[in-house]
1. Pick out the one residue from I52, I15 that is open to solvent by less than 80 Å² (accessible area, probe 1.4 Å) and farther than 29 Å from R211 by Cβ.
2. Select the strands (runs of 3 or more DSSP E) contained entirely in the stretch 47-125, then report the ones holding at least 3 residues which are at pLDDT below 95 and closer than 17 Å to A13 by Cβ.
3. Quick one: would you say M184 is surrounded by fewer than 19 Cβ atoms within 10 Å (Cβ to Cβ), over 22 Å from D25 (Cβ atoms), touching an Asp or Glu at 6+ places or on another chain (Cβ under 9 Å) and touching a residue at least 12 places away in the same chain (Cβ under 8 Å)?
4. Determine the pairs where a residue that is over 20 Å from G126 (Cα atoms), located within the stretch 215-243, has a partner that is open to solvent by 70 Å² or more (accessible area, probe 1.4 Å) and among the hydroxyl-bearing types (S, T, Y) with Cβ atoms under 9 Å apart, the partner being 6 or more residues away or on another chain.
5. Six or more apart or on different chains, Cβ under 8 Å: which pairs go from a residue in the stretch 193-208 that's acidic (D, E) to one that's outside any strand (DSSP E or B) and surrounded by fewer than 21 Cβ atoms within 10 Å (Cβ to Cβ)? Could you list them?
6. Which of the residues spanning the stretch 119-149 are within 21 Å of L167 (Cβ to Cβ) and either free of Cβ contacts under 8 Å to residues at least 24 places away in the same chain or open to solvent by 30 Å² or more (accessible area, probe 1.4 Å) (or both)?
7. Failed condition for Q62, given (1) open to solvent by 50 Å² or more (accessible area, probe 1.4 Å); (2) touching a strand residue (DSSP E or B) at 6+ places or on another chain (Cβ under 9 Å); (3) under 26 Å from L112 (Cα atoms), with all others met?
8. I'd like to know if the stretch 223-235 contains one or more residues that are in contact with a strand residue (DSSP E or B) (Cβ under 6 Å, 6 or more places away or on another chain), small (G, A, S) and either open to solvent by 90 Å² or more (accessible area, probe 1.4 Å) or not in a helix (DSSP H, G or I) (or both).
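The values are calculated or read from the model by the stated rules, or taken from the named source; none is laboratory data. A quick note: this is a predicted structure, and the numbers were derived from the prediction, not measured. When we count neighbours, we look across all protein chains shown, and the Cβ atoms used for this are built from the backbone with ideal geometry, even at glycine. When the accessible area is computed, the model is the full protein with side chains, heavy atoms only, and any ligands, DNA or RNA have been set aside. Shrake-Rupley method; radii C 1.70, N 1.55, O 1.52, S 1.80 Å.
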Amino acid sequence: MEQNEFTIEGRNAVIEAFRAGRTIDKLYVLDGCKDGPIMTIKREAAKQGSQIKYVAKERLDQMSETGKHQGVIASAAAYAYAEVDDILQRAKEKGETPFVLLLDGIEDPHNLGAIIRTANQAGAHGVIIPKNRAVGLTATVAKASAGALNYTPVAKVTNLGQTIEELKKEGLWFVCADMDGTTMYELDLKGPIGLVIGAEGSGVSRLVKERCDMCAQIPMRGDIDSLNASVAAGVLAYEIVRQRLQ
């Protein structure tokens, strides 16, 4: 967890952050604590859909900078999230067919920042990330994006598979990075498209992969079997750019 101005400690501070409309990515709460202020914080978190992690006092003590966490530490987003509709509207305003990146379980903030940077340079209209088991828009992500977060909207959704189904109704096709897929050069990646990138190691989850229309394999000529997630995103994004330019 990052220790910076986006970390909020203490019951009153966290309650006020929620009520002021701050986006809280993750809430760390003392396991077993059920007193009034903590229950209020949990209600506010439920309203916003923030992820709650129950942890031991030792963990909170370790995370705390002030030593006065009072059983709760919040990790606030460095940037505001967009809605999925905002991403589609962005494509419409530019008069372009939608191009969206969907990230399934990217937990490394440097990877997420690098992917947002690539998305911006490749002309993608936005990035979609899941609420759970993934990093949010932390200060490290913002820094790694090299300013791209100011221009590329990022939406956070509860269910990535469901979001894919909803976007299919808007005419998008979906391709996921997969080592067992078809070589990317053999696929037609033009038109309205969603590019799905999974976590390093585990890749795109089965439920998300099943909803994709195509699986794209990046040709490998080396001795190891995978690329860094942000590099894989860049390679596939620019194959989409190449096909769009033809």
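1. Of I52, I15, the one residue that is open to solvent by less than 80 Å² (accessible area, probe 1.4 Å) and farther than 29 Å from R211 by Cβ is I15.
2. Once the strands (runs of 3 or more DSSP E) in the stretch 47-125 are filtered for at least 3 residues that are at pLDDT below 95 and closer than 17 Å to A13 by Cβ, what remains is 72-76.
3. When the stated conditions are applied, M184 does not pass them.
4. Listed by first residue and then by second, the contacts come to P219/Y185.
5. Listed by first residue and then by second, the contacts come to E200/D108; E200/S226; E200/N228.
6. Answer for the stretch 119-149, where residues must be within 21 Å of L167 (Cβ to Cβ) and either free of Cβ contacts under 8 Å to residues at least 24 places away in the same chain or open to solvent by 30 Å² or more (accessible area, probe 1.4 Å) (or both): N120, G123, K131, N132, R133.
7. Here Q62 clears every test but (2).
8. no
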